[in-house]
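For reference, the structure is listed below as structure tokens.
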Amino acid sequence: MRLGLTVRARDYAYAVRHELRALLGPRTDPAGLLATPDAGIAAAGAPVLLLPGIFETWRFLEPLGHHLAQAGHPVHVVTDLGINRRHVDDAATRVGAYLRGRQLSGVVLVAHSKGGLIGKTVMHSPAGARVAGLVAVATPWAGSVYARFFPPGSAVRRLRPQDRRIRALASRTETHERIVAIAPAWDPHIPGSGELPGARRNIRLAGQGHFRVLDDADLLDAVRSAVRELSDGPAR
């Protein structure tokens with residue numbers, strides 16, 4: 001019990017700190033700094049598109065974006081998602097429009113939490129042909145039972161396991177072989193294993209926490225490896 005409270009406290013502290021960094025930190029031009037690899041690094045890797053979780057802007061995942069840029073991946077973001085309160089279908093439509101508008105193909109989506117649901121929805125849309133795969137961190141594939149405690153109509157409430165959109169998306173498994181699902185050892189926001197049945201790979205980290213795991217060195221290594229794996233094509 002005490003350990004659980006400690007993990008939650010550290011998790012929220014991480015989330016608040018990085019939300020403040022995203023809100024008050026130096027302004028980063030997503031079309032400049034992230035859309036091209038860091039100086040001196042060849043753009044040899046597959047393009048990556050970051051999909052933040054609920055109430056997160058793209059800047060919440062900016063440290064992860066820099067890590068992938070340093071590995072040679074052109075990194076893209078969809079500023080149209082705002083703080084990601086929209087319905088998953090609406091958000092996926094905006095992501096698809098971004099991919100088409102920039103004529104991107106062979107893209108690996110890298111997502112946190114709700115962003116994984118958006119990414120999977122994109123893969124089932126006409127824009128899915130442009131997506132090589134999805135790396136999803138701490139995603140509530142079947143929703144979260146805790147969402148029922150939020151007010152009706154709220155963005156979090158829509159993540160209940162009983163929500164018809166959540167159930168419909170969970171029933172579609174044909175893209176799972178192109179998804180790498182990464183989950184913390186314990187997630188205070190998503191009860192259960194966090195695993196995706198039939199995924200190309202399910203990775204369990206030693207780190208705990210829904211947010212704090214994003215700062216885990218093992219997570220960075222796992223994401224980088226998964227992006228490279230998915231961009232290489234179907235599993236052999």
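Derivation of every value follows stated rules applied to the coordinates shown; laboratory data play no part. Every value quoted in this text rests on a predicted model; they were computed, and no experiment measured them. Quick reminder, even Gly has a Cβ in these numbers, built from the backbone with ideal geometry, and neighbours come from all protein chains shown.
Computed values, structure above
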| quantity | calculated |
| --- | --- |
| Nearest-20 debye value, segment 96-236 charge dipole, Cβ charges on Lys, Arg, Asp, Glu | 640 debye |
| Three-way shape call for segment 68-155 based on the alpha-carbon gyration tensor, with the a/c threshold at 1.5 | prolate |
| Total charge dipole magnitude, the chain, about the Cα centre, Cβ charges on Lys, Arg, Asp, Glu only, Debye to nearest 20 | 700 debye |
| Among [x] 49, 38, 38; [y] 74, 42, 32; [z] 48, 37, 35, the entry derived from the coordinates for Cα extents along the principal axes in Å | [z] |
| Computed magnitude of the charge dipole of segment 89-143 (debye, nearest 20; Cβ of K, R +1, Cβ of D, E -1) | 140 debye |
| Vicinal HN-Hα couplings computed from phi for segment 148-165 (Karplus, 6.51 cos²θ - 1.76 cosθ + 1.60; Hz; Gly/Pro x) | 5, 7, 8, x, x, x, 6, 4, 6, 4, 5, 9, 5, x, 7, 4, 5, 5 |
| The chain - mean residue ellipticity at 222 nm from DSSP helices (-39,500 (n - 2.57) per run, n ≥ 4, rounded to 500) | -10500 deg cm²/dmol |
| Amide proton proximity set for Ala111, modelled H, under 5 Å, gap of 5+ | Leu51, Val135, Ala136, Val137 |
| Cα→Cβ-extended label distance, 7 Å offset, between Glu177 and Ala155, nm | 3.5 nm |
| Selected from Leu169, Leu23, Leu81 as most flexible by GNM, with the chain as the system and alpha-carbon contacts under 10 Å | Leu23 |
| Shape of segment 159-236, Cα gyration tensor, a/c cut at 1.5 | oblate |
| Farthest positive-ward along segment 169-231 dipole, Cα basis, beta-carbon charges - from Thr173, His189, Gly209 | Thr173 |
| Amide H contacts of His76 (H built 1.01 Å from N, under 5 Å, at least 5 apart or other chain) | Val48, Leu49, Leu50 |
| FRET efficiency estimate (nearest 0.05) - Cβ-Cβ, Ala217 to Ala13, R0 25 angstrom | 0.85 |
| Where only alpha carbons of segment 78-211 are counted, the Rg and the Dmax (Å) | 14.2, 41 |
